[in-house]
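The block underneath contains the structure these notes are about, expressed in structure tokens.
The values are calculated or read from the model by the stated rules, or taken from the named source; none is laboratory data. This one's a predicted model, so the numbers in the text were calculated from it and none came from an experiment. Please note: Cβ atoms are built from the backbone with ideal geometry, for glycine as well, and neighbour counts cover all protein chains shown. Just so you know, the surface numbers come from the protein's heavy atoms only, side chains and all, with ligands and any DNA or RNA stripped out. Shrake-Rupley method; radii C 1.70, N 1.55, O 1.52, S 1.80 Å.
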Amino acid sequence: MTTHTLQVVQHLNPGGIERLVLNLVRFASNDNQVHVVALEGTKDQAIAQWPELAPLAERLFFLDKPAGRDIKTIFKLRRLIRSLQAQVIHSHHLGPLLYSRAACLGLKGITHIQTEHDSWHLDDPKQRLLTRSLLAGSRIKLVADAPRVADHLSELGINTDQVIINGIDTQHYAPGQSPQARHQLQLPTDTLIIGCAGRLVKEKGIDVMLEALATLPECYQLAVAGDGPERQPLEQLAQQLGLKGRVHWLGRCDNMLNFYHAIDLFCMPSRQEGLPLALLEAQACGKPVVATDVGGIPDLICPHSGHLIPPDQPAVLGQSLLEKLRGPINSCAQTTQYIRQLADVRTMASAYESLANG
């Protein structure tokens, strides 16, 4: 018997949660039919912004929710649940949780899974109270995507049913050759390059990375994959710090495998995180990592090649990077194997299906 699962997200803009959900579609078992519904936007807009969605277009639905809370969106989602005969609703973060719970009221035979991908937003008392009320009852199962996320939720009085580690396709993300990747990205081939990846927002701490880079010798450069509202201020900061020619702003990379192959070391200077896919992808490609001790990062940083530092300390970050860069920089087979064992997408997809059927 085929199970019909509906993944509910806020939007389908390029991002970690959105990429994870697409993987749950791609790696679903043969008896699990998975669709994705985005509360915001339209299909044409989303595919134009993110062409990777095109091959999955028949599995994607958009409710075009206006700004603010909208009761019509609840009824749109409810009709979609009925028309697709969904038996499993899997929501991600607070907005999708709210609309999914409301849309499922009175519907029988539905299993609802909610995944929390981070917990720092629940330090806000209003969001915490709303989340607790929405999670009340026996018809919903709460998943944390990393042990430390589950621990923080528990400290806030919210208990999880299971921890399911975020997964990536470790058969795709694997070590490769740097020269070809650098050529395709138009990066220099005669210097060591630090890589950062993610949406350019304050939480990602790219400003701290720029301040740290300014303390390093000029032979070290930085490549940044991603875009966002902070890009212009960050470019201005790089100029003010005298980093002209040392920072390569790549924008959104459609081929992140190339990016990981091109860099020598991956840095994640985030102020807040859940369990970011970029951390897993870079390590699956054998790259050493310097990252901040926030969110779920400590749970999945390889003990053989990774190094944790406190957030918002550019001097400490610069010194940690310098120590790594002055040592031997090679693709680390132990790092690759560590991620393959702990964070493969097939294991993740199977765990969610088992939870839904349990």
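Name the single residue that is nearest to Gly358 (Cα to Cα) among those in the range 106-139 being surrounded by fewer than 19 Cβ atoms within 10 Å (Cβ to Cβ) and hydroxyl-bearing (Ser, Thr, Tyr).
Ser138
Name the strands (runs of 3 or more DSSP E) wholly within the range 226-310 that hold at least 1 residues that are open to solvent by less than 20 Å² (accessible area, probe 1.4 Å) and either closer than 26 Å to Pro51 by Cα or touching a Cys at 6+ places or on another chain (Cβ under 7 Å) (or both)?
Strands (runs of 3 or more DSSP E) meeting the threshold: 247-251, 265-268, 289-292.
What pairs come out if I take residues in the range 106-127 that are over 28 Å from Pro298 (Cα atoms) and pair them with residues that are surrounded by fewer than 22 Cβ atoms within 10 Å (Cβ to Cβ) and modelled with pLDDT under 90 whose C-beta lies under 7 Å away, six or more apart or interchain?
Matching pairs, first to second residue: His112/Arg139.
Condition first: within 17 Å of Ala291 (Cα to Cα), open to solvent by less than 80 Å² (accessible area, probe 1.4 Å) and basic (Lys, Arg). Now tell me which residues in the range 176-205 satisfy that.
Lys204
Would you point out the residue of the range 34-81, among those that are surrounded by fewer than 18 Cβ atoms within 10 Å (Cβ to Cβ) and of a type in the set (S, T, N, Q), that is nearest to Ala343 (Cα to Cα)?
Gln49
Considering every residue within the range 37-48, establish whether at least one is without any contact (Cβ under 8 Å) to a residue 40 or more places away in the chain and in a strand (DSSP E or B).
Yes; the residues of the range 37-48 include at least one that is without any contact (Cβ under 8 Å) to a residue 40 or more places away in the chain and in a strand (DSSP E or B).
Any chance you could count how many residues in the range 319-358 are under 16 Å from Phe266 (Cβ atoms), touching a residue at least 40 places away in the same chain (Cβ under 8 Å) and part of a helix (DSSP H, G or I)?
Residues that pass the stated criteria total 8.
Return the residues of the range 141-168 that are in contact with a Lys or Arg (Cβ under 8 Å, 6 or more places away or on another chain) and either open to solvent by less than 30 Å² (accessible area, probe 1.4 Å) or within 28 Å of Cys219 (Cβ to Cβ) (or both); say none if nothing qualifies.
Leu156, Ile158, Gly167
Quick one: count up the residues across the range 152-183 that are part of a helix (DSSP H, G or I) and among the polar types (S, T, N, Q).
3
How many residues are part of a strand (DSSP E or B) and in contact with a Leu (Cβ under 6 Å, 6 or more places away or on another chain) if we restrict to the range 201-222?
Total meeting the criteria: 2.
If I filter the range 336-358 for residues that are over 30 Å from Asn32 (Cβ atoms), surrounded by 15 or more Cβ atoms within 10 Å (Cβ to Cβ) and under 21 Å from the mean Cα position of the chain (by Cα), do I get at least one hit?
no
Name the residues in the range 8-33 that are open to solvent by 10 Å² or more (accessible area, probe 1.4 Å), closer than 20 Å to Arg101 by Cα and touching a residue at least 40 places away in the same chain (Cβ under 8 Å), would you?
Result: Gln10, Ile17.
Residues being open to solvent by less than 40 Å² (accessible area, probe 1.4 Å) and assigned to a helix (DSSP H, G or I): count how many of those fall in the range 82-95.
2
In this structure, is Ala102 modelled with pLDDT of 95 or more, assigned to a loop (DSSP other than H, G, I, E, B) and either of a type outside the set (Gly, Ala, Ser) or out of contact with any Phe, Trp or Tyr (no Cβ under 8 Å at 6 or more places or on another chain) (or both)?
No, not satisfied.
Taking only the range 128-173 into account, find how many residues are hydroxyl-bearing (Ser, Thr, Tyr) and in contact (Cβ under 8 Å) with a residue 40 or more places away in the chain.
3
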